[in-house]
Each structure stands twice: as C-alpha cells, then as structure tokens.
Amino acid sequence: MYDTRMLCRQWIWLKRFRHRRGYGVHSPFAFDFLTYVVYERGEYYAYRELKKRYPVVCLCGGLHRLKCRKFLFRLSNYVHPSLIRIYGHVKEAETAYLAAGCRSAAVCQDLFWKVRVRENGGFVRQKELMVVGRGIAPRHWTAVVSRPSTRCSVCLLFGIRASKAALRAWNDVKRLPEAVVTFDLYDYGLVFYDRSKQRQDYIVNF
C-alpha cells in the first residue's frame, strides 16, 4: 500500500512537472498566489502548535497530508475571510488548520443560506472562504460554487480528481461565469470570483 501510494504521488508530480512554481504564469496575481500561498515554505506562527495537536505519521502519505494541512492554513490566512463556510465533511485537523489561518473568522458547518452581518444600519454580505468537502456529490458542486457572497470570496473543492464524475464536475465548475480564475492543484480545486482579474485556468504541480 505504501509503495503504491508513493509511486502514484510521484507519477502525478512528474506529469505536472512543467506546471511547477509558477513556471510560465504571467499574471502577477496568480504568480504571487502560487509563490506566497501554494509554495510558501516559511514557518507560520501556529504550525508547531497545530502539529502537536494533530500529529501525522510520516508513512503512507503522512508528509503529503501535512503539506495539505499547511496549505489550508495559508489559504485561509491569505483570503482572510469573515466566514469559513464548510459543506460536507472536513476532518477535524483540516478544520483546525483553516480556522487557525484566520482566527477572526467564524467557522460554520453545512450552512446553505446567505449569512449577513449588520453594518452602518444595513446588511452587507461577508467575505467567505467556502469549502466543499467530502460527501458532497460532484453533481451538486456547480450549485454551491455559483453563489459566492462577494467577488472577494473564494471556493475550495476537495477531491476534484478523485473520480471521473468529480473531474467532469470540476470541468463544469470552470465553465461557470462566476468562476473567473481557477487553480487545479490535483487534490483541490480553487475558484476566485474577482471579475477585475482576467479569466484563466491554471494547473499547478502541488
């Protein structure tokens, strides 16, 4: 099992080799995101504490799981949302890394309605990090992704290449008019809604 997983991960890395570290990316936004979020190797303030709380065994993909958790932390830290809204199942450790990335964010599980906050006597929609976790059927992804709170919101989908149905659903997501910039990290799909950016899809060797 260990050898099979390691070989599979190495094969994925080799197939995506030319998409490493922002190679060929001309958008300043995308290059900065890849450099300072996806590939950032610095030690953040909460890494040590989180690793103690949620240790990983460095066998059968343990190092890759830790890399993914740290990415979730950096993504949350980068987006700095008011609300982290989780659909489906996300493991406790993954949720903890997301929450630690932006400690001021509220974390809500399985909320299928717009959450609004009162500001200056009215209501405004919050900046969200929407997380589509495990257990949400890929056929429902477009319905979730197509309703961001603001153009600054970001949507993260788990397992976009876990099955043929998931890959088809991810391709449908990329065609949505709301999905301005998308990143395919193999383990995750990312959707940015900011219409000030040029529409683009990136494959990333993560």
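Of the strands (runs of 3 or more DSSP E) lying entirely inside the range 120-206, the ones with 1 or more residues being open to solvent by 60 Å² or more (accessible area, probe 1.4 Å) are found at 122-125, 200-203. Considering the conditions (1) touching a Lys or Arg at 6+ places or on another chain (Cβ under 6 Å); (2) in contact (Cβ under 8 Å) with a residue 40 or more places away in the chain, Phe206 is excluded by exactly one of them, (1). For the range 87-109, residues that are part of a strand (DSSP E or B) and within 23 Å of Pro55 (Cβ to Cβ) total 2. Filtering Tyr36, Tyr45 for residues that are part of a helix (DSSP H, G or I), open to solvent by 40 Å² or more (accessible area, probe 1.4 Å) and at pLDDT 50 or above leaves a single hit, Tyr36. What number of residues within the range 48-81 satisfy the criterion of being closer than 18 Å to Cys108 by Cβ and open to solvent by less than 50 Å² (accessible area, probe 1.4 Å)? Looking only at that region, the number is 5. In the range 161-176, the residues that are small (Gly, Ala, Ser) reach residues that are in a helix (DSSP H, G or I) with C-beta atoms within less than 8 angstrom, at least six apart or across chains, in these pairs: Ser163/Pro138; Ala165/Pro138; Ala165/Arg139; Ala166/Pro138; Ala169/Pro138; Ala169/Arg139; Ala169/Trp141; Ala169/Thr142.
The values are calculated or read from the model by the stated rules, or taken from the named source; none is laboratory data. Not measured: the values here are computed from a predicted model. Because the Cβ atoms are built from the backbone with ideal geometry, glycine has one as well, and the counts that use them run over all protein chains shown. To get the accessible areas, we keep the full protein, side chains included, count just its heavy atoms, and leave off ligands, DNA and RNA. Shrake-Rupley method; radii C 1.70, N 1.55, O 1.52, S 1.80 Å.
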